[in-house]
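Below is one structure, written out as structure tokens; the observations come after it.
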Amino acid sequence: MNLDIVSSGLDLLLQPESLLWLIGGLILGFVVGVLPGLSTSNTAALLLPFAIGLPTESSLILIVSIYAGAQFGGAVPAILVNVPGEAGSAVTALDGYQYTRRGEAALAIGIARMAAAIGGVVGGVVVLVLLGPLGELALSFGARELFVVILLGFVVASSLMGESVRKGLMVGLLGLLLATVGGGPTTGQERFTFGVLELYEGISFIPALVGLFAVSEMLILLARHRHGPTQVDVDTRSLRAELRAAWRGARETLRHKKTVGQANVVGVILGLIPGIGTSIASFISYSLAKRRSKTPEKFGKGTPEGVIASEACDSSAIGATMVPTLTLGIPGSATMAVVLASLYLQGIQPGPQVLVSHGAEAYAAILAVILASILIMPLGVLLASPMAMVTKVPSKYLVPAVLLACFAGAFAVRYSLFDVGVAIMFGLLGLLLRLNGYPVIPLVLGLVLGPLAEENLLRSLELGNYDIGYFFGSTTVLVLWALFAVAVVYLVRQSRRSKVKQVKQEETV
Amino acid sequence: MPSPRVPDAHGGAAAEESEAVAAQEGAAQGNETSAERDSASGQQGAADVNRGGPPAQQHTVTEQGATSAQGGSAGRATPDTAHAGQVVVATRPGPALLSFSAVPALLAFVIAGVFLLNSGDISGPEATYPIVLGVAVLIVGAVNLVRDLLTAARAEQAQDGDGESAAGLSTQAVLRLIAFVVVLIAALLLLEPLGFFPAMVVMTIGALLCFDVRSPLVIAAATALIVGTSYLIFVRFLLVPFPPGFLGLT
């Protein structure tokens, strides 16, 4: 670990302005975490057009603080009303909501808060240590290695998203194909622009992202809307009662050291794999905790271990998702795809060089994850009651307000009404995909990674004089190909198995 | 809306905003096929409407969404009114769920097809790359198309209701969705002539109506609050220069 660069990152973070963004981001994260339908990636994508003007470290700090805050915020409605505010919190609801039914909601929130704080800190520290060595390894990669890494990340991520490999793969390939719109990477000749001037720079990424994430989410909220009173009683407590519950929750969390540690390990490892993000990780962590628990029968009936397994894992994955993002330019999660987009917009080419050219900013972002996670404790206690109130915002007002912000944001990227259309069209595309069980994140990955993949492919083809053998010409690249082969074999077997399971289920039905 | 049919609304948008031509065509085609198949299975659909099961969803939807955009009411259609406006020759029977589940794969097919057809103008390896991708999309898309249809058909046979697609949405939900999509496209078309915020007023009112907010007072207050606050934030605070429409309003 290079201490110089870490300390200059710390300097950047300890600027008053950076701290302000961190606290603002954390509180915003709480709010969007609580609101179902508004997720981290949505919000980050929404804010991005307005964050371009900020210094690199401020926009990075803002996004990761939102990430950290939302991860805990999502647990609150999951526990209080059994509606996960974030995808990863769905697992928290399994046990957390049982607490509310027993009248111990504050205790469950206390446990979740402590677990999230520990997870965030542990994940951040691990990344702090790993980022340097992994970054150096990534620096030794040439065009062909990068191409294989992108291929690997892309295939793994696309296939793990959604309910089946074939669906994720199709959407991902579609993303790669759509990414070819615009001027070609080497000659700049127009491709698939259909004479539309606005398409020359490619499909504008942020409006597409806003459409796929936020607009489609709002449309789904509309579809899921239940008519009639959905009033939920959310009790608010005094600060003193809140503090007492927080203390009890923290102690309860610390009693289950093994579960916390396990969840952290799962979170970090899965977070490191590009594209997995936090939602799948918490499911895996929960089932692992259940299997290894002495009292597995208590899971689903309101056990602290269940809440901890989900929340600690969620939060420790945040830091880890930054590793592939910053070292390879491959997004570790949907939110990290937004981080990559913001780097692009600020004229920073994502990839191994980022750590060299903007090392201080990168480390500032990682330290921000740690600091934000620590701040979850005081701020989370202070804001617990207001957060519970936010769960009452009815979606009928939320949807038009968020959509308006979406369209304003889409416009603001380059002051183009055309981009508002892009956002709406990608919103509809996302809706059609999601209603049919197709994931949208591979599409985003394809759009982000497409230009990078093509550039590295074409460059290595040129370097190797169009000889396929060049792609197998170094030890590193051979290792990467081996990894790729292992991943493909695993995925094929996995999909076979789930297919068999599916058929069996259908037969029994 | 010049025409009561949703596919036309899509087509109009495609002409105006040719950015996502391929996606548009796909969407329009998807709707058309579902409408067709539905009319074909009219009898079955009629029986299903009252159950609110997915098989009936799609077919009432196409026309009803448009009517509600015109009249502002998203009520439940009777099977008769649903078919009134459309003359489609029945080719072969197939429930709505079946065609809806095929939409993503068909979309991918159309996009890849349009790209492949247009790849002739590009030269060098910059053409090979998208061609390879396009073919790959076609192959994976074909696999998906077949498997999605098989899964949907099996779910249909088992009378399992929501199966894999449509995510268990009720007929009402689908109607609301279609109505709001029409509102969105209308707002999109109004952006340039009307200006950004006036178009957003249309969008907000449309959204509130789709959420079954009926009181004019509530609609007016909520719209004023949402659009007003956004105007303050984006124009006064963030200084985003929205272009004015013919009324001179931004």
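The values are calculated or read from the model by the stated rules, or taken from the named source; none is laboratory data. The structure displayed is predicted, hence computed values, not measured ones. FYI the Cβ positions are ideal-geometry reconstructions off the backbone, even for glycines, and counts take in every protein chain you see.
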Taking only pairs six or more apart or across chains, which ones have beta-carbon atoms under 8 Å, a first residue in region A:1-28 that is in contact (Cβ under 8 Å) with a residue 12 or more places away in the chain and charged (D, E, K, R), and a second residue that is surrounded by 17 or more Cβ atoms within 10 Å (Cβ to Cβ) and assigned to a helix (DSSP H, G or I)? A:D11/A:A360; A:E17/A:S58
Test set (1) within 27 Å of A:T43 (Cα to Cα); (2) at pLDDT below 85; (3) out of contact with any Cys (no Cβ under 6 Å at 6 or more places or on another chain) - A:M218 fails condition number: (2)
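Name the one entry in B:G195, B:G168, B:G134, B:G163 that is touching a Leu at 6+ places or on another chain (Cβ under 6 Å) and at pLDDT below 90. Step through it out loud before you land on a result.
Working: B:G168 fails: touching a Leu at 6+ places or on another chain (Cβ under 6 Å); B:G134 fails: at pLDDT below 90; B:G163 fails: touching a Leu at 6+ places or on another chain (Cβ under 6 Å).
Answer to the check: B:G195.
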Could you check how many residues of region A:279-320 are of a type in the set (A, V, I, L, M, F, W, C) and crowded, with 24+ Cβ neighbours inside 10 Å? 10
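In this structure, is B:R214 more than 10 Å from every other protein chain (Cβ to nearest Cβ) and not in a helix (DSSP H, G or I)?
On the way: more than 10 Å from every other protein chain (Cβ to nearest Cβ): yes; not in a helix (DSSP H, G or I): yes.
Yes; evaluated as a whole, the condition is true for this residue.
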Scan region A:463-481 and tell me whether some residue there is in contact with a helix residue (DSSP H, G or I) (Cβ under 7 Å, 6 or more places away or on another chain), under 28 Å from B:A102 (Cβ atoms) and either in a helix (DSSP H, G or I) or not charged (D, E, K, R) (or both). no
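More than 10 Å from chain A (Cβ to nearest Cβ) and either buried (at least 18 other Cβ atoms within 10 Å of the Cβ) or among the aromatic types (F, W, Y) (or both): is that true of B:V110 in this structure? Quick ask: steps written out before the conclusion?
On the way: more than 10 Å from chain A (Cβ to nearest Cβ): yes; either buried (at least 18 other Cβ atoms within 10 Å of the Cβ) or among the aromatic types (F, W, Y) (or both): yes.
So B:V110 passes the test.
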So A:R414 passes all but one of these: (1) of a type in the set (D, E, K, R); (2) at pLDDT 85 or above; (3) in a loop (DSSP other than H, G, I, E, B). Which condition number does it fail? (2)
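What residue, of A:G168, A:G175, A:G183, is more than 9 Å from chain B (Cβ to nearest Cβ) and in contact with a Phe, Trp or Tyr (Cβ under 7 Å, 6 or more places away or on another chain)? Give the derivation first.
Working: A:G168 fails: in contact with a Phe, Trp or Tyr (Cβ under 7 Å, 6 or more places away or on another chain); A:G175 fails: in contact with a Phe, Trp or Tyr (Cβ under 7 Å, 6 or more places away or on another chain).
The conditions single out A:G183.
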Hey, can you tell me all the residues within region B:171-190 that are modelled with pLDDT of 90 or more and either more than 11 Å from the chain's Cα centre (by Cα) or in the same structural domain as B:T223 (by TED's automatic domain parsing) (or both)? B:A186, B:A187, B:L188, B:L189, B:L190
Hey, does region A:236-243 have a residue that's among the polar types (S, T, N, Q) and modelled with pLDDT of 85 or more? no
Residue check for B:P198: under 24 Å from the mean Cα position of the chain (by Cα), surrounded by fewer than 17 Cβ atoms within 10 Å (Cβ to Cβ) and touching a residue at least 12 places away in the same chain (Cβ under 8 Å): no
Name the one entry in A:A372, A:A317, A:A362, A:A309 that is under 22 Å from the mean Cα position of the chain (by Cα), within 24 Å of A:L443 (Cβ to Cβ) and touching a residue at least 40 places away in the same chain (Cβ under 8 Å). A:A317
List, please: which pairs have Cβ atoms under 6 Å, are six or more places apart or on different chains, and start with a residue in region B:116-138 that is at the interface with chain A (Cβ under 8 Å from one of its Cβ atoms) and end with one that is buried (at least 17 other Cβ atoms within 10 Å of the Cβ) and not in a helix (DSSP H, G or I)? B:N118/A:F192; B:I122/A:R191; B:E126/A:G184; B:P130/A:T180
Considering only region A:186-206, state which residues are buried (at least 17 other Cβ atoms within 10 Å of the Cβ), at positive phi and more than 7 Å from chain B (Cβ to nearest Cβ). A:G202
Just to check your reading of the model, which residue among A:F141, A:F147 is over 26 Å from A:N42 (Cα atoms), more than 14 Å from chain B (Cβ to nearest Cβ) and in contact (Cβ under 8 Å) with a residue 60 or more places away in the chain? A:F141
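Counting only residues that are at pLDDT 75 or above and touching a helix residue (DSSP H, G or I) at 6+ places or on another chain (Cβ under 9 Å), which one in region A:491-502 is farthest from A:S159 (Cα to Cα)?
Filtering region A:491-502 down to residues at pLDDT 75 or above leaves A:491-493.
Add one more test, that the residue is touching a helix residue (DSSP H, G or I) at 6+ places or on another chain (Cβ under 9 Å), and what stays is A:491-492.
Values: A:L491: 7, A:V492: 10 Å.
Per the criteria, the residue is A:V492.
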Looking at (1) touching a residue at least 40 places away in the same chain (Cβ under 8 Å); (2) surrounded by 23 or more Cβ atoms within 10 Å (Cβ to Cβ), find the lone condition where A:A93 falls short. (1)
State the number of residues belonging to region A:379-435 that are closer than 29 Å to A:L22 by Cα and either within 8 Å of another protein chain (Cβ to nearest Cβ) or touching a strand residue (DSSP E or B) at 6+ places or on another chain (Cβ under 8 Å) (or both). 13
